[in-house]
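Read the structure below first, then the notes.
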Amino acid sequence: MKMSLNIYIGSCLSAIVILCVASCKNLDENIVSGITESYYTTGDEGFESGVNAAYAEARNFYGTESGLSVTVFGTDTWTEGSDGGYKNTNEYSAGLNAQNSLFKSAWQNFYRGINTINAVVDHADKLKIDENLKRTRLGEVRFLRALYYFNLVRMFGAIPLHIHETSEITTDVTRTPVLDIYNQIVTDLKYADSVLPVTASDWGRATKGAAEDLLSKVYLAKGYVSKDADDFQKAADYSEEVINSGTYRLLDNFADVFDQENQENKEVIWSIQYTKNVLVNGNGNTDHLYFLMKYDQLAGMMRSIEYGRPYSRFKPTAFLLNLYAPESDSRYNASFQTVWFSNNASTIPKDASGKPKFSVGDTAVWMPGYEISDAFRASKSYRIFAPSDYTYQFYPSLSKYQDPERPTVNETAGSRDFIVQRLGATYLVAAEAEFQLDHLDNATKYINILRVRAANPGHENEMEVSSSDITLDFILDERGRELAGEGKRWFDLTRTDQLVTRVKLHNPEAAPNIEAHFSLRPIPTSEIDAASDSLEQNPGY
């Protein structure tokens, strides 16, 4: 059973005390507060509403164009398609500045969620409800607080740290050092690990495994900051704890991880919940829109529920597409759509005699992934796009987010869950941590388990690598293959200090402008202004 979020997200959040530093443009604004102390102390209704509101805030980042734009744009694996207004985030051009709405939204939404959580935690002792339930819910919200701070510190660096409810206006805001933020994240996650159940009563609630998996990622990132091998060791320990727990397993078929009819599968550690219930789905998961090429502009094709509504925001770079060996690695065809079958008789081209060149249901478009001879093209009636033919409109389309269960062809509110944590990524954390510890045999073991899982039948030996192959570049390449489009790439490149190098090599739209200071995002101007200049801007902005 999925976790029930039977709350109206907007009205629920407006009932929570809003963190002034995160949302007040005008310091004369009144604090909005509909939750009083009595609301918390009369029973579990207010408590559960606060917990649900903390979860709901994640929907403002995961499953949205803004969340993807700050995590896949401007990397070595993704660049811009033909449409959209956030191209400056990919190009590192003039619009990527302290007024950029993407960073303002992320800052405000995460801090609003954090203050909701702080209110829940601060008032919990006054609640007269079952103590086991209370501890579990506190574990859940502290897991979420850790996740929100983890995203903030990776985007903005040193940030204000608040672990208690903000209930009055303050303009004295300072930035807490990065390692102190990480220490608080670890504290929250260790508490969550100690109280959360192995399996949740409702799918979508945080669990012990989710806390341990996030701890592994936090320690991995912290290790690059602290330069302390002990952090990498803890990243290895926690990731291996999750892998060996028996709670999760890699699915036999990579493509099955993204089967919308089997979203509660054993590889998923934690996901953001969406639903077909329009009353509680808000804007829904809209990620199905953004990776699709303009197939409906081609002969024999029209927009359909099956193929999706193409917004053409994110285009795979040539580097990403060339990372795969499709004859041996199933992840290419499992991740990208390269064939479209005709669904529009009225636009099928005709030969000289007036006969349609193909029929509805026949191949209309094919992207083989390699160059094709003129003679071969001439022998086929359908449209062929070789890599040299790709444009900002036409390219292989990421299929991981496709949502054919939408009710209408133009529906934007999808019901697919957003996978935040899955075991495939945990293996990669283990491999990277072991590599940093110079345990190459262990790193190779984890990489090969993933690669053999991804092998096409009969190609398992080709997919295996040796310890001499394991470098940081190889690990980043493997993360590109396994996690394409899953909202992790910008964090991967900034964590490993490879953003500038790899973007210059592999993202032609971003290469001319990328500089070292872009490894942090700008603190929104509205927050600096509200803090009366006590909040310093990141260098370069």
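Here are a few things to note about the model shown:
- Gyration tensor (alpha-carbon) shape descriptor, region 396-507, a/c threshold 1.5: prolate
- Note on region 285-406: Lys pairs 8 or more places apart or on different chains, Cα atoms under 20 Å apart, count 6.
- Taking 7 Å steps out from each Cα toward its Cβ at Ser353 and Thr176 produces label points 7.7 nm apart.
- Cα gyration tensor category, rounded, prolate or oblate, for region 196-300 with a/c compared to 1.5: prolate
- Sorted by Cβ density within 10 Å, fewest first, the residues Phe314, Phe258, Phe474: Phe474, Phe258, Phe314
- Sequence-distant residues sharing a close amide H with Trp78 (under 5 Å, placed H): Thr317
- Neighbour-count order for Glu212, Glu240, fewest beta carbons within 10 angstrom listed first: Glu240, Glu212
- Relative contact order computed over the chain (Cα-Cα under 8 Å; 6+ residues apart), in percent: 21 percent
- The chain, helix-only ellipticity at 222 nm - DSSP H runs n ≥ 4, -39,500 (n - 2.57), divided by all residues, nearest 500: -12000 deg cm²/dmol
- Amide N of region 413-452 lying under 12 Å from the label point, which is placed 7 angstrom from the Cα of Val278 along Cα→Cβ: 413
- Note that region 82-90 has calculated 3J(HN,Hα) couplings of 6, 10, x, x, 10, 4, 4, 6, 6 Hz, one per residue in order, obtained from phi through the Karplus relation 6.51 cos²θ - 1.76 cosθ + 1.60 (θ = phi - 60°); glycine and proline are x.
- Calculated from backbone phi, Karplus (6.51, -1.76, 1.60) coupling profile of region 278-284 in Hz, x at Gly/Pro: 5, 5, 10, 8, x, 7, x
- A Förster radius of 56 Å, combined with the Cβ-Cβ distance separating Arg135 from Asp389, puts the computed FRET efficiency at roughly 0.45.
- FRET efficiency, Gln99 to Asn262 (Cβ-Cβ, R0 35 Å, nearest 0.05): 0.25
- Remark on Gly414: its backbone amide H falls under 5 Å from those of Asn285, Thr286, a criterion applied only to residues 5 or more positions apart or on other chains, H modelled at 1.01 Å from N.
- Label-point separation, Lys2 to Tyr370 (7 Å along Cα→Cβ), nm: 4.2 nm
- The phi-based Karplus calculation (6.51 cos²θ - 1.76 cosθ + 1.60; θ = phi - 60°) puts the 3J(HN,Hα) values of region 401-407 at 9, 3, 9, x, 8, 5, x Hz, whole numbers, x for Gly and Pro.
- Cα gyration tensor shape of region 285-406, rounded if a/c is under 1.5, else prolate or oblate by comparing a/b with b/c: oblate
- Where labels lie 7 Å past Cα in the beta-carbon direction, separation of Asn244 and Lys128 in nm: 4.7 nm
- Amide H contacts of His162 (H built 1.01 Å from N, in plane; Pro and chain starts excluded): no residue 5 or more places away or on another chain comes under 5 Å.
- Contour excess over end-to-end distance, with Cα ends at Val225 and Val360 and 0.36 nm allotted per residue: 43.0 nm
Every number here is computed from the coordinates shown, using simple stated rules; none is lab data. All values reported here derive from a predicted model rather than from experimental measurement. Glycine gets a Cβ as well: all are built from the backbone with ideal geometry, and neighbour counts include every protein chain shown.
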